[in-house]
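**Q** The structure that follows is given in the form of structure tokens.
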């Protein structure tokens, strides 16, 4: 359920883009009614999908708040990024802005991971996961760096696909490619961390002072 909620905006973006492609005349009429008559038939699907993605991201935050009464900062950052870049796509009728959205988000998050650790000695990955698992401090540092580098590479990969393949290929990659890569990286991370997990009972035993005789 959480995975589905996390993917809500990109699923809506993908589904809307595909649906608009199946009905080009209707999509053009809808986009022209919203955004002006200077829109081409090829441009209409990405514009409609962008609008829906902005709404879906806001809906995602509303659902999270209703369930938890708390919204992670990452979701707020995602909303700001898609509102700014998606809004620019709608205003200027230029899909280049929305194609930069994944890169901007991944690079911002990667920079936050590195910056918090280097400037404030705060390991954000540790703060997110330490309630679920216990790891030696050096492993937390490696994990934080690994995610930062991974997000940097995802940002580069997004630009490569966006500028070297068709728009439709990029839309498909945005859903299936990124989701698959993140799941694969998470699985590989889990296998690596399994060798370094600190057993709770062992940790408690080591922390308990030995009785003096």
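Nothing in this text is a laboratory measurement; each read-out follows from the coordinates by a stated rule. On a predicted model such as this, the values are computed, not experimentally measured, just so you know. Using ideal geometry, Cβ is built from the backbone for each residue, glycine included, and neighbour counts are taken over all protein chains shown.
**Q** Using only Cα atoms, what Kirkwood radius does the chain have, in angstroms? Show your work: numbers first, answer last.
**A** Values: mean 1/r = 0.0514 Å⁻¹.
That comes to 19.5 Å for the chain.
**Q** Further, regarding this structure: Which log10 I(q)/I(0) values, to two decimals, does the range 18-82 give at q = 0.12, 0.28 Å⁻¹ under the Debye formula with one point per Cα?
**A** -0.41, -1.07
**Q** Moving on to the next point. Would you please give the FRET efficiency between residue 165 and residue 42, computed as 1/(1 + (r/R0)^6) with r the Cβ-Cβ distance and R0 = 22 Å, to the nearest 0.05? Show your work: numbers first, answer last.
**A** Details: r = 15 Å, r/R0 = 0.70.
Plugging the Cβ-Cβ distance into 1/(1 + (r/R0)^6) gives 0.90.
**Q** Something else: Calculate the spin-label point distance for residue 193 paired with residue 137, positioning each point 7 Å from the Cα along the beta-carbon direction, and give it in nanometres.
**A** 2.0 nm
**Q** When the helices in the chain are scored as -39500 (n - 2.57) per DSSP H run of 4 or longer and the sum is shared across all residues, what 222 nm value do you end up with, to the nearest 500 deg cm²/dmol? Mind dumping the intermediate values first?
**A** Working: 12 runs with 165 residues, N = 213.
After summing the helix terms and dividing by residue count, I get -25000 deg cm²/dmol.
**Q** Going by average Cβ density within 10 Å per residue, which order do the peptides 182-189, 94-101, 121-128, 47-54 take, highest to lowest?
**A** On the way: 182-189: 12.4, 94-101: 19.2, 121-128: 15.2, 47-54: 23.4.
Listed from highest to lowest mean packing, they are 47-54, 94-101, 121-128, 182-189.
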